[in-house]
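*Asks:* My questions all concern the structure below.
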Amino acid sequence: MSKFYITTPIYYPSGKYHIGTAYCEVLTNMLKKYHELKGEESYMLTGADEHGQKIQTKAIEANETPKEYVDKMADMAKNLWKQMEIDYNQFIRTTDDFHVAAVQKIFEKFLAQGDIYKGTYEGWYCEPCESYFTETQLVDGKCPDCGREVRKMQEEAYFFNMKKYADKLLEYYDSHPDFVKPDYRKTEMINNFIKPGLEDLCVTRTSFDWGVQVPSDPKHVVYVWLDALTNYITAVGYGSDDKEEMFNKWWPADMHVVGKDIARFHLIYWPIFLMALDLPLPKTVYVHNWITMKDGKMSKSKGNVIYPEQLIEKYGLDATKYCLIKIVPSNSDGLFTPEQFVENYNSDLCNDLGNLLNRTVAMVNKYFGGELDEYQGLENEVDIALEDAVNAAIEKFEKDIADCEFSNSLQDIWELVHLTNKYIDDTAPWTLAKDVEGETEQDKAKRIENLKSVMYHLVATLRSIAILIRPLMERTSDEILRQLGLDSSTITWDSLQEYKELKNIKVVEKGEPIFLRLDANEEIEYIKNLMKK
């Protein structure tokens, strides 16, 4: 059995997670479940980045110890992912003992082989990003990553010699075209950071003590990125003597999913750390864009933040997941608006998919008492066109997933939904069901067989749609299959090839709508009010 190891970033536990964080988690889990459906043994890692000055400051503000603070935040995160049915395999925390011990080993290894040296750092520091910047890297005197204020700082620190590996990294970019997706992110790294001269990276701090202590120089704690990035290998056993087999099984990762704000750390520093450890690099780092609002990036101070649990409570889990994945293209930020959310719900989920299922279940019950025979092989041009559309949708979906065009992959499915609704109009089952004056028994039998064929094609196509949406919308997939009288427990990706092999179809007596139409004006106003809270 082949394997698929995928990771999210480990998130800062600095507060509630909004829909931007939820997007990353949903996307990663969708990919994990897709590969599981394909029969691959899959492993998803997520977690929390719990060290650093920012966390220490948050704990002081909350009148708690740092450990008390991060424990509370970890529970909050786990509860949210449980509510969202995120099926991760491991939740790593950088305060985990095994991780701390491994980071200490890694630091001492780098120090012994000359990759790390001691010096004094003076530069512009952004506390929210836990990053130092030179004067030339600032944008309008502010942090180039988050746009916040920076302050001048000086302290003794250890540095990692990034320049030593810059050429090797460029060579790796050239020889591994799938390493960075989308490809333009690689161009950004080269033009903005590597070609101008790669700066050595500060990897320890002495101005605070909430972090992994350096064994050979205890007044230093390991700086957040060397600590945080290594979670991807420590989680699967690197640095643990009794977990070598686990590490050999899962590493290298097949995909890291990260936001564009931390692209530099994952596309430059992380591969260089791995090169220095003489470890293989992950196969792909996918950098996703942000979900933004009309007035820019989500911010509590702007009053434009949406939290996933708010949408789930009112509109359901699958609808929330669908709308999050749909709105973020690979080449730009995704714009969240109340209007677009309600439109996607009403148009795509209720009108298109929901009505397709309702019409199909109702017609199979009306014309054949809810039961259909196996496929009879009676086809016309319209039937063949629908079968071709199903095969084309599967092929396009798989290609878009492989190309990391995730919003497009949903469009592929909904193109098939649209074509299937059109198939009903083109075949006009209500006409096939009517007796024709003066027709022979032979003509009547042929007409009824054509009607059965239409019903079979509708059920089989809806089954294919249910499989295609399953990695993202498992509840909806289950309900579609239940109403069609099909067993969801036996579904695999290979089941898509069984289009003409369904037998003993018994749809439910009366299908229930899987999505109820929303009052657009009322719900738009409701979501706008959520953003003001």
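*Asks:* How far is helix 166-175 tilted, in degrees, relative to the longest principal axis of the Cα atoms in the chain, given as a value from 0 to 90 rounded to the nearest 10?
*Replies:* 20
*Asks:* On each of the three principal axes of the Cα atoms of the chain, give max minus min coordinate, whole Å, ordered largest first.
*Replies:* Extents along the principal axes: 98, 48, 40 Å.
*Asks:* Right, here's the next one. For helix 97-112, what angle does its Cα long axis make with the longest principal axis of the chain, in degrees from 0 to 90 and rounded to 10?
*Replies:* In the chain, helix 97-112 runs at an angle near 50 degrees to the longest axis.
*Asks:* Same structure again: Given +1 on the Cβ of Lys and Arg, -1 on the Cβ of Asp and Glu, and no further charges, what dipole in debye does the range 277-375 carry about its Cα centre, rounded to the nearest 20?
*Replies:* With Lys and Arg at +1 and Asp and Glu at -1, about 460 debye.
*Asks:* Would you calculate the separation in nanometres between label points at ASP174 and THR187, each defined as 7 Å from the Cα along the Cα-to-beta-carbon direction?
*Replies:* Here the answer is 1.8 nm between the modelled labels.
*Asks:* Taking H as built 1.01 Å from N, whose amide H comes closer than 5 Å to the amide H of THR95, not counting residues under 5 places away?
*Replies:* Correct list: GLU50.
*Asks:* Order by neighbour count: CYS24, CYS350, fewest other Cβ atoms within 10 Å first, most last.
*Replies:* Lowest count first: CYS350, CYS24.
*Asks:* Over all pairs of distinct alpha carbons, what does the Kirkwood formula give as the hydrodynamic radius of the range 11-143, in Å?
*Replies:* Kirkwood hydrodynamic radius for the range 11-143: 17.7 Å.
*Asks:* Which of VAL459, TRP493, VAL390 sits farthest toward the positive end of the charge dipole of the range 337-506, with +1 on the Cβ of Lys and Arg and -1 on the Cβ of Asp and Glu?
*Replies:* Farthest towards the positive end: VAL459.
*Asks:* Take the alpha carbon atoms of the range 160-217, find their center, do the same for the range 47-126, and report the distance between the two centers in whole angstrom.
*Replies:* Each part's Cα centre sits 19 Å from the other's.
*Asks:* Oh, and also: Given the C-alpha centroids of the range 294-368 and the range 376-391, what is the distance between them in whole angstrom?
*Replies:* 30
*Asks:* Counting only Cα atoms, I'd like the Rg/Rh figure for the range 1-72, Kirkwood definition for Rh.
*Replies:* Value, to two decimals: 1.14.
*Asks:* So which trypsin sites (Lys or Arg not before Pro) in the range 35-117 are both in a DSSP loop and have at most 16 other Cβ atoms within 10 Å of their Cβ?
*Replies:* Counting only loop positions with at most 16 other Cβ atoms within 10 Å, the trypsin sites (Lys or Arg not before Pro) in the range 35-117 are LYS38.
*Asks:* What are the ³J(HN,Hα) values, in whole Hz, obtained from phi via the Karplus relation 6.51 cos²θ - 1.76 cosθ + 1.60 with θ = phi - 60°, for each residue of the range 301-309 in sequence order, with x given for Gly and Pro?
*Replies:* Residue by residue, the range 301-309 yields 5, 7, x, 10, 8, 10, 9, x, 5 Hz.
*Asks:* The range 39-99: Rg/Rh from Cα coordinates, Kirkwood Rh?
*Replies:* Value, to two decimals: 1.06.
*Asks:* What shape does the range 326-400 have by the C-alpha gyration tensor, where a ≥ b ≥ c are the square roots of the eigenvalues, rounded means a/c under 1.5, and otherwise prolate means a/b greater than b/c and oblate the rest?
*Replies:* Oblate is the answer for the range 326-400, as a/c is 1.5 or above yet b/c matches or exceeds a/b.
*Asks:* Compute the acute angle (0 to 90°) between the alpha-carbon long axis of helix 406-427 and the principal axis of greatest extent of the alpha-carbon atoms of the chain; round to the nearest 10°.
*Replies:* Long axis of 406-427 versus the principal axis of the chain: about 10 degrees.
*Asks:* Continuing with the same structure: Which one of LEU324, ASN304, ASN365 has its Cα pushed farthest toward the positive end of the charge dipole of the range 302-396, where Lys and Arg give +1 and Asp and Glu give -1 at the Cβ?
*Replies:* My answer, from the dipole projection, is ASN304.
*Asks:* Over the range 337-506, what is the relative contact order in percent, taking alpha-carbon pairs closer than 8 angstrom and at least six residues apart?
*Replies:* Working: 143 pairs, mean separation 53.9, N = 170.
Relative contact order for the range 337-506 comes out at 32 percent.
*Asks:* When DSSP assigns beta bridges and you keep just the ones with both residues in the chain, what percent turn out antiparallel, to the nearest 5?
*Replies:* On the way: 23 of 44 bridges.
Just about 50 percent of them are antiparallel.
*Asks:* Another question, if that's okay. Could you point to the residue in THR230, MET84, GLY52 farthest towards the positive end of the chain's charge dipole, with +1 and -1 charges on the Cβ of Lys/Arg and Asp/Glu respectively?
*Replies:* The listed residue farthest towards the positive side: GLY52.
*Asks:* When N counts the residues of the range 278-333, how does its alpha-carbon radius of gyration compare numerically with 2.2 N^0.38 Å, as a ratio?
*Replies:* 1.51
*Asks:* Averaging over all projection directions, find the projected area of the Cα convex hull of the range 161-257 and quote it in nm² with one decimal place.
*Replies:* 8.3
*Asks:* Could you pull out every residue, at least 5 positions away or on a different chain, whose amide H is within less than 5 Å of the one on ASN304? Hs are placed 1.01 Å off N in the peptide plane, and Pro or chain starts have none.
*Replies:* Excluding prolines and chain starts, which carry no amide H, the hits are SER299.
*Asks:* From largest to smallest, what semi-axes in whole angstrom does the range 337-506 give when each is the square root of 5 times an eigenvalue of its alpha carbon gyration tensor?
*Replies:* 29, 17, 15
*Asks:* About its Cα centre, how strong a charge dipole does the range 114-261 have in debye, to the nearest 20, once Lys and Arg get +1 and Asp and Glu get -1 at the Cβ? Intermediate results must be reported in sequence, preceding the final value.
*Replies:* On the way: 17 positive and 27 negative charges, 53 e Å.
That gives the range 114-261 a dipole magnitude of about 260 debye.
*Asks:* Hey, another quick one. Just from its helices, what would the mean residue ellipticity at 222 nm be for the chain, if runs of 4 or more DSSP H residues each count -39500 (n - 2.57) and the sum is divided by every residue, rounded to the nearest 500 deg cm²/dmol?
*Replies:* Here the helix-only value at 222 nm equals -14000 deg cm²/dmol.
*Asks:* On to the next question. If R₀ is 60 angstrom, what is the calculated FRET efficiency for the pair PHE208 and LYS444, using the beta carbon separation as r and rounding to 0.05?
*Replies:* The pair PHE208/LYS444 has a calculated efficiency of 0.10.
*Asks:* Given Cβ point charges of +1 (Lys, Arg) and -1 (Asp, Glu) and nothing else, what value in debye, to the nearest 20, does the dipole of the chain about its Cα centre take?
*Replies:* Charge dipole, the chain, about its Cα centre: 1340 debye, nearest 20.
*Asks:* Which residues in the range 427-452 have a backbone N closer than 11 Å to a point placed 7 Å from the Cα of LYS366 along the Cα-to-Cβ line?
*Replies:* Inside the label zone: 429-434.
*Asks:* Kindly flag which residue pairs out of LYS16/LYS300; LYS16/LYS294; LYS3/LYS82; LYS366/LYS510; LYS16/LYS58 have an alpha-carbon separation exceeding 18 Å in this structure.
*Replies:* Going by Cα-Cα distance, LYS16/LYS294; LYS3/LYS82 fall outside the 18 Å limit.
A short reminder: the numbers here are calculations on the coordinates, not readings from a lab. In this text the structure is predicted, and so the values were computed from the model without any measurement. Note that each Cβ is placed from the backbone with ideal geometry, even for glycine, and that neighbours are counted across all protein chains shown.
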